[in-house]
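Take a look at the structure below.
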Amino acid sequence: MTEFDLSRDSVRALNQGLHDSAEGRWLVSHPDGRHCIAVGLDAPVDVAIKGHVGYYCAGMNKRANITIDGSAGPGVAENIMSGTVRVLGNVSHCAGASGHGGLLVVEGDASARCGISMKGSDIVVAGSVGHMSAFMAQTGRLVVCGDAGDHLGDSIYEAVIYVAGRVGELGADCVEKEMTPEHRQGLADLLSAAGVEADPDSFRRYGSARKLYNFNIDHASDY
Amino acid sequence: MFGPARGTDMSKPNSLRPSATFPLEVLAEIHRAADQGIYEIRGFGTKRSLPNFDDLLFLGASMSRYPLEGYREKCATDVTLGTRFAKRPVELKIPITIAGMSFGALGAHAKEAIGRAASQIGTSTTTGDGGMTEEERQSSETLIYQVLPSRYGLNPDDVRRADALEIVVGQGAKPGGGGMLLGQKITERVAQMRDLPEGIDQRSACRHPDWTGPDDLEIKIQELREITDWQIPIYLKIGATRVDYDVALSVKAGADVIVLDGMQGGTAATQDVFIEQVGIPTLPALRMAVETLKELGMHRKVQLIVSGGIRTGSDIAKALAMGADAVSIGSAAMVALGCNKPVHLEDYRALGTEPGYCHHCHTGRCPVGVTTQDPELEARLMPEQGARLLRNYLTTLTLEIQTLARACGKSHVLNLEPEDMVALTIEASAMAGVPLAGTRWIPGA
Ligand SMILES: Cc1cc2nc3c(=O)[nH]c(=O)nc-3n(C[C@H](O)[C@H](O)[C@H](O)COP(=O)(O)O)c2cc1C
Ligand code: SF4
């Protein structure tokens, strides 16, 4: 286990060290809200960060497993490709933005635009998400065990959203869809992979009405 | 005293008097809008006439300046971009780069032709919306990787194998607008690269998903530097609008290089109203950018690449003289590859146009195989042959710049300066900040 104290050494030195390691476990202390911690990792390393982090923690993650024992600022795990990022606290806006793969687990709540522009990743939020979550989400799954704010799934493409709690106003072109047995099973597997306890039967599914896929003059008022 | 009204064409009878408020093209556009119920989407840049580099002239050497001998005395053209923070700045042999044009908008052959030509000449080429293709990475020695609001295909592996990153905030053709690729151009490969279904109209986002203002952007740039271990330069591309603010904020956010795209800048598909009515021309944009960089003490420290309507060696020489470090070309590179060439006339006509007038890149039916994904059309542009055309064009541009620089007595093209130029019109004089020919007057200075 490599221990790294951010009150003594820089984020630059930490990231360089992480980029240079092919495997292993890292314990990072005193993050104190610093930005860009553990970004651009590309190896099966385990990183535990003890405390709160600023912007873009675990950005563009590939293969690494990163746990944040605290809360995270904007854009946590943005553009994640693979691996797992777990936040034990809450996360600010744009969590998991444009993620292409991998899994982001938020044990607390997520702010606005969670899963914005997501492209294949999975996001499981044990709490609630703010407005405009899954905005322009392309593929992948966003699971919300609590409530979802207004304009959920605005301009969504083929991504799938599951919400257990209340949902505010749905965004443009986002509609509730039938929860098939396959969806229920996939959701149960995902919850179990995320280590989040929730009853798959309590969720409703949302996705694209596909009315905005090609311009149609009769739908002009939906834009 | 009751003579004919202004603008009256006396050769025409009153019954054929045209309306200045409703000229033929305005009438046609209203008829089209009434038929279709949607704005016109098209490719290419602005078609209206704007003050541009043709409105400036070089003075050349005379008694007070000493010219250099053409062909004999050296006139260097190399530039280095990204010297502010990057450990590995981009070194180019000529101050002409190839602008970001997406795979999807351009076909794979065009992309490869551009990569080959740029590599042979010693300059850079740029990816575009939709990500990096293997062909363009392989064929481009120096490849700039765009980070766009859509984040289509954005991949840390490609980030790490890029020679520089370019965060796109805006484009001259549509500052404030996102990308557009109509369903007819979305083939299986394009759809897969963008993680979207085939055949749908792709409207790329106009805002980045994970940052909203200049303070966030500063941290975003820091993140990209951390991911790339501070090795490669980070460019910021802006569409020309409030250039003074945007340049100052780009410098503050930590950009190594600013790419400034004037309103003439080309596009593959944008609303005509956007292309023609939003943004400011390249000429005043460039002056404002250089002024701001100088005020901040950052001119030549943060390098400036300017684009939007660059066609000739003289355009480039004038841009350099105004203070740009390099230029970027999009449309002109397409023209070198054959865009608007009078061949395959029947295919232009099938699009309802003629060579010389075509702006139909959005259709995916490019008659010369540049902006298409159709294998049959693409076969009209073989990468090797396209590379030769573009290489010849880039060589010609470079020779023209050197000719003008030598005439002004400069041993490096970056030594050209505003004092080497005058303006032909009051507008250009005010916009470019060089005196009206025959006077010492710069309106607004
Ligand atoms: C076919 C085509 C595709 C383009 N695609 C992109 C793009 O993906 N990203 C981008 O930032 N700019 C794009 N542009 C704009 C160019 O990068 C550049 O700003 C512009 O072409 C410069 O002006 P010029 O065409 O007058 O040289 C595109 C332009 C064209 C003509
Ligand atoms: S010839 Fe091809 S590249 Fe040129 S404007 Fe027409 S469609 Fe576009």
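The values are calculated or read from the model by the stated rules, or taken from the named source; none is laboratory data. Everything numeric in this text was worked out from a predicted model, so none of it was measured. Note that we place each Cβ from the backbone using ideal geometry, even for glycine, and neighbour counts take in every protein chain shown.
Screening the candidates A:Ser192, A:Ser221 for the property of being polar (S, T, N, Q), assigned to a helix (DSSP H, G or I) and modelled with pLDDT under 95 yields one hit, A:Ser221.
Polar (S, T, N, Q), free of Cβ contacts under 8 Å to residues at least 24 places away in the same chain and either within 14 Å of ligand 1 (Cβ to nearest atom) or in a helix (DSSP H, G or I) (or both) - does that describe any residue in the stretch B:277-294? Within the stretch B:277-294, one or more residues are polar (S, T, N, Q), free of Cβ contacts under 8 Å to residues at least 24 places away in the same chain and either within 14 Å of ligand 1 (Cβ to nearest atom) or in a helix (DSSP H, G or I) (or both). Report whether or not A:Tyr157 is hydroxyl-bearing (Ser, Thr, Tyr) and more than 14 Å from chain B (Cβ to nearest Cβ). So A:Tyr157 fails the test. Among the residues that make up the stretch B:297-306, is at least one of them of a type in the set (S, T, N, Q) and within 16 Å of ligand 1 (Cβ to nearest atom)? Within the stretch B:297-306, not a single residue is of a type in the set (S, T, N, Q) and within 16 Å of ligand 1 (Cβ to nearest atom).
For the condition in contact with a helix residue (DSSP H, G or I) (Cβ under 9 Å, 6 or more places away or on another chain), among the aliphatic types (A, V, I, L, M), within 12 Å of ligand 1 (Cβ to nearest atom) and closer than 26 Å to B:Thr187 by Cβ, B:Met382 does not qualify.
Selection of the stretch B:105-159 for residues being within 14 Å of chain A (Cβ to nearest Cβ) and either part of a helix (DSSP H, G or I) or within 16 Å of ligand 2 (Cβ to nearest atom) (or both) yields B:Pro156, B:Asp157, B:Asp158, B:Val159. If you go through the stretch B:311-325 and keep only what is touching a Pro at 6+ places or on another chain (Cβ under 9 Å), more than 12 Å from ligand 1 (Cβ to nearest atom) and at negative phi, you end up with B:Leu320, B:Ala321, B:Met322, B:Ala324, B:Asp325. Consider the stretch B:139-162 and keep the residues that are more than 10 Å from ligand 1 (Cβ to nearest atom) and among the small types (Gly, Ala, Ser). The one that is surrounded by the most Cβ atoms within 10 Å (Cβ to Cβ) is B:Ser140. Looking across B:Gln184, B:Gln192, one residue alone is within 16 Å of ligand 2 (Cβ to nearest atom) and either modelled with pLDDT under 95 or under 16 Å from B:Gly104 (Cβ atoms) (or both). It is B:Gln184. Among the residues here, A:Ala77 qualifies as out of contact with any Ser or Thr (no Cβ under 7 Å at 6 or more places or on another chain) and either at negative phi or in contact (Cβ under 8 Å) with a residue 12 or more places away in the chain (or both). When A:Ser117 is tested against the conditions (1) buried (at least 24 other Cβ atoms within 10 Å of the Cβ); (2) more than 14 Å from chain B (Cβ to nearest Cβ); (3) assigned to a loop (DSSP other than H, G, I, E, B), the lone failure is (2). Of the residues B:Leu377, B:Leu404, B:Leu399, B:Leu390, the single one that is over 30 Å from B:Gly60 (Cβ atoms) and either within 16 Å of ligand 1 (Cβ to nearest atom) or of a type outside the set (Lys, Arg) (or both) is B:Leu377. Within the stretch A:89-109, being touching an Asp or Glu at 6+ places or on another chain (Cβ under 9 Å), within 14 Å of chain B (Cβ to nearest Cβ) and closer than 20 Å to A:His35 by Cα holds for A:Val91, A:His93, A:Cys94, A:Ala95, A:Gly96, A:Ala97, A:Ser98, A:Gly99, A:Leu104.
The rows are residues; the columns are (1) outside any helix (DSSP H, G or I); (2) in contact with a Cys (Cβ under 9 Å, 6 or more places away or on another chain); (3) within 8 Å of ligand 2 (Cβ to nearest atom).
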{"position": "B:Val335", "(1), (2), (3)": "no, no, yes"}
{"position": "B:Asp347", "(1), (2), (3)": "no, yes, no"}
{"position": "B:Gly352", "(1), (2), (3)": "yes, no, no"}
{"position": "B:Pro355", "(1), (2), (3)": "yes, no, yes"}
{"position": "B:Glu376", "(1), (2), (3)": "no, no, no"}
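The condition (being buried (at least 23 other Cβ atoms within 10 Å of the Cβ), of a type outside the set (Phe, Trp, Tyr) and either over 19 Å from B:Gly43 (Cα atoms) or within 14 Å of ligand 1 (Cβ to nearest atom) (or both)) is satisfied by just one residue among B:Leu182, B:Leu165: B:Leu165.
Residues of the stretch B:56-89 that are in a loop (DSSP other than H, G, I, E, B) and hydroxyl-bearing (Ser, Thr, Tyr): B:Ser62, B:Ser64, B:Tyr66, B:Tyr71, B:Thr77, B:Thr83.
Looking at the stretch B:328-369, which of its residues are closer than 21 Å to B:Gln184 by Cα, within 13 Å of ligand 1 (Cβ to nearest atom) and touching a Ser or Thr at 6+ places or on another chain (Cβ under 8 Å)? Passing the criteria: B:Met334, B:Cys339, B:His359, B:His360, B:Cys361, B:Gly364, B:Cys366. Under 21 Å from A:Arg205 (Cα atoms) and at pLDDT 95 or above: is that true of A:Leu142 in this structure? Criteria met by A:Leu142.
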